[in-house]
Amino acid sequence: MPKTVPVTPSAPATLAPYSPASEASGLVFLSGQVGLVPVSGDRAPDDVSAQAHQVMSNIGAILGDLGLSYDDIVKTSIFLADISDFSAVNEVYASYFEGDYPARTTVQAGALPGGFLVEIEVVAAR
């Protein structure tokens, strides 16, 4: 099945040359989301919890554009500017799921584009 790039009107404007989502063989890959408010393009506050909430909200909106939800996520990758923010991000992240959590990786990236504190990418299944 060839790759397709679905329309995602709820996604914030991209910061580089990439698509917010692509799809192949029943899997939907969302590019890493940072704390950008889609409507205004403003940054979420420089607080890791606020940015994590914005990131998860962006992910939910993009999934919604594609007829999917958090329940369809099978894998997440979380990138932190500072691993000491793990607990705060973990608390926010957990609040978006009911029941079984997706597989997950969390790493300290050291620095993220635009000085953001957290970035999360997901893979969802149809």
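Per-structure values
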read-out	value
Carbon/sulfur fraction of accessible area - the range 85-126, other protein chains in place, 1.4 Å, %	48 percent
Within the accessible area of the range 1-60 (1.4 Å probe), percent carbon and sulfur	60 percent
Dipole of the chain [Lys/Arg +1, Asp/Glu -1 at C-beta], most positive-end residue of Pro113, Ala50, Ser95	Pro113
Cβ-placed point charges (K, R +1; D, E -1), dipole of the range 34-80 about Cα centre in debye, nearest 20	100 debye
Rounded to the nearest 20 debye, dipole of the chain from Cβ charges on Lys, Arg, Asp, Glu	400 debye
Karplus-derived 3J(HN,Hα), 6.51/-1.76/1.60, for each residue of the range 78-94, Hz, glycine and proline x	10, 10, 10, 5, 9, 4, 5, 8, 3, 4, 5, 5, 4, 5, 5, 3, 4
C-alpha long axis of helix 48-65 to longest principal axis of the chain, angle in °	10 degrees
Surface accessible to a 1.4 Å probe, per residue, for the residues of the chain, Å²	50 Å²
Virtual spin-label span in nm between Ala109 and Asp46, 7 Å along Cα→Cβ	1.8 nm
Label point distance in nm, Ala94-Val5, each placed 7 Å from Cα along Cα→Cβ	3.8 nm
Length-normalised contact order for the chain - Cα pairs under 8 Å, 6+ apart - percent	31 percent
Candidate values [x] 15.4; [y] 28.5; [z] 14.6, label of the one derived for Kirkwood radius over Cα pairs in Å	[z]
Estimated [θ] at 222 nm from DSSP helical runs (n ≥ 4, -39500 (n - 2.57)) normalised by residues in the chain, nearest 500	-7000 deg cm²/dmol
Scattering curve values for the range 24-80, log₁₀ I(q)/I(0), Debye with Cα scatterers, q = 0.27 Å⁻¹	-1.20
Charge sum, other residues only, whose C-beta stays under 12 Å from Gln108's C-beta, Lys/Arg counted +1 and Asp/Glu -1	-3
Ala125-Thr14 pseudo-label distance in nm [points 7 Å out on the Cα-to-Cβ vector]	2.7 nm
FRET efficiency estimate (nearest 0.05) - Cβ-Cβ, Ser87 to Ser22, R0 35 angstrom	0.65
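The values are calculated or read from the model by the stated rules, or taken from the named source; none is laboratory data. All values derive from a computational prediction rather than experimental measurement. Here the Cβ is made from the backbone with ideal geometry for all residues, glycine too, and neighbour counts use every protein chain on show. Remember, those area values only see protein heavy atoms, side chains included, never the ligands or the DNA or RNA. Shrake-Rupley method; radii C 1.70, N 1.55, O 1.52, S 1.80 Å.
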